[in-house]
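Here is the structure we will look at, set down as structure tokens.
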Amino acid sequence: MEVPVSALRAELRSWIERARAGEEVVVTERGVPVARLSGIATADLVTELTRDGLLTPPTSERPQHAGAAPRDEEVERATTGQPVPAARSTRSGVAALVRRIRR
């Protein structure tokens, strides 16, 4: 369904409701498509990222430790004796991905 910018401005709430209901709304300016309005699925973010190939599901269970579980960076540091660069940090990598998605 197409809607001119002027009509979109005048009836924004109704067009948002249509998009939320599953319709795809193409916004036009002087008859030329300039934007697309569509609803956002409420699927779990991790499930979506896995489906899109951005995350890989685990191949085994994470080991359970007494007390608080150590972070991945702490395990690697204890194993290798070297600090873990931020770029290789699992947590900072996921945080960067989430920041990129939210932009």
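With respect to the conditions (1) in contact with a Lys or Arg (Cβ under 8 Å, 6 or more places away or on another chain); (2) modelled with pLDDT under 80; (3) loosely packed, with under 11 Cβ neighbours inside 10 Å, residue 71 lacks only one, and its number is (3).
Can you confirm whether residue 21 is farther than 30 Å from residue 58 by Cα and out of contact with any strand residue (DSSP E or B) (no Cβ under 9 Å at 6 or more places or on another chain)? In short, yes. Looking across the range 25-64, the residues that are acidic (Asp, Glu) and assigned to a loop (DSSP other than H, G, I, E, B) come down to 44, 52, 61.
Check the range 34-43 and report whether any residue there is more than 27 Å from residue 97 (Cα to Cα), at pLDDT 85 or above and surrounded by 10 or more Cβ atoms within 10 Å (Cβ to Cβ). So far as the range 34-43 goes, yes, one or more of its residues are more than 27 Å from residue 97 (Cα to Cα), at pLDDT 85 or above and surrounded by 10 or more Cβ atoms within 10 Å (Cβ to Cβ). For residue 102, indicate whether it is exposed (fewer than 11 other Cβ atoms within 10 Å of the Cβ) and modelled with pLDDT of 85 or more. No. Within the range 1-18, residues that are under 15 Å from residue 35 (Cα atoms) have Cβ atoms under 6 Å from residues that are exposed (fewer than 13 other Cβ atoms within 10 Å of the Cβ) in these pairs: 5/29, counting only partners at least 6 apart in sequence or on another chain. Go through the range 1-17 and give me each residue that's under 15 Å from residue 31 (Cβ atoms) and surrounded by fewer than 13 Cβ atoms within 10 Å (Cβ to Cβ). Answer for the range 1-17, where residues must be under 15 Å from residue 31 (Cβ atoms) and surrounded by fewer than 13 Cβ atoms within 10 Å (Cβ to Cβ): 1, 2, 6.
The values are calculated or read from the model by the stated rules, or taken from the named source; none is laboratory data. These numbers were taken from a predicted model, which means no experiment stands behind them. Glycine also receives a Cβ, built like all others from the backbone with ideal geometry; neighbour counts cover every protein chain displayed.
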